[in-house]
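**Q** Pasting a structure here, questions to come.
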């Protein structure tokens with residue numbers, strides 16, 4: 001396939017998505033659209049108004065606190081999207097949960113994609129053209145998919161059809177946005193592959209995801225080995241019976257940090273359990289005799 005044919009096919013895909021919108025493909029217009037899709041700036045949080053048409057009105061306070069704690073450590077990984085109403089006045093389009101968590105974390109500015117109030121068509125074109133690039137890392141692709149879905153009101157199914165992708169492919173990329181910040185950074189830096197990340201995303205618990213990531217780095221696990229490991233961990237979690245001898249409360253953030261540090265140190269799914277009286281236990285699972293010997297070596301002074 002020559003370059004001319006390829007460009008025509010990409011253009012046809014964009015037109016199929018956007019209907020009869022006239023597309024200016026001059027070099028100047030292409031450059032403007034590329035800048036629109038990629039430009040991120042820091043804006044004052046105090047200047048951002050919440051969208052009055054936001055359909056979501058309830059937010060899980062505990063999850064907001066968790067996100068705020070993550071933001072304090074890593075910053076805002078995924079920018080919000082706003083439209084400019086007037087100088088120093090913005091209205092939120094997408095990312096209210098991130099905005100709320102940033103306020104809780106004490107931030108005064110937040111990274112944002114800025115749009116003009118009437119540039120909906122240009123934005124859609126820019127995002128589609130941006131996805132067609134070959135040098136995007138998995139996180140950039142995921143964020144572009146998310147922006148199209150949130151800002152252009154496109155379903156997973158429709159987006160997959162327009163891009164020539166399976167719906168499952170779109171969903172797999174979007175799941176990357178729910179991974180812990182450390183893993184998202186690794187995907188951006190390409191120290192973690194999409195195949196590894198897709199396997200990790202199949203685990204529900206953050207501590208499991210972080211433990212598997214450490215093993216991938218330390219043991220140079222292949223994608224197939226990672227898939228097998230996550231499958232075993234998921235099955236073990238499903239078959240675990242609750243400990244009825246103690247009332248285990250959901251760990252506060254500072255205890256979860258200790259648990260994550262233990263998981264990182266041992267490269268295992270360490271569980272820190274604690275009841276209302278402050279009593280508890282630390283459980284360190286092992287997968288084999290060799291794994292037990294490894295843990296014993298780490299426990300020795």
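What follows draws every value from the coordinates through simple rules; no lab data is involved. On a predicted model such as this, the values are computed, not experimentally measured, just so you know. Cβ coordinates were reconstructed from backbone atoms using ideal geometry, including for glycine residues, and neighbour counts include every protein chain displayed.
**Q** In nm, what is the difference between 0.36 nm times the number of residues separating residue 175 and residue 156 and their Cα-Cα distance?
**A** Numbers: separation 19, 0.36 × 19 = 6.84 nm, distance 1.21 nm.
Full extension of this stretch gives 5.6 nm more.
**Q** Now for a separate question. Going by average Cβ neighbours within 10 Å, how do the peptides 139-151, 186-198 rank, with the highest at the top? Mind showing how you got there, number by number?
**A** Values: 139-151: 20.7, 186-198: 17.5.
Descending packing order for the listed peptides: 139-151, 186-198.
**Q** Run the numbers for residue 254 and residue 42: contour at 0.36 nm per residue of separation, minus the present Cα-Cα distance, in nm.
**A** Stretched out fully, the residue 254 to residue 42 stretch lengthens by 73.4 nm.
**Q** Something else now. Taking only C-alpha pairs under 8 Å that are 6+ residues apart, what is the relative contact order of the range 179-299 in percent?
**A** In percent, rounded to a whole number, it is 20.
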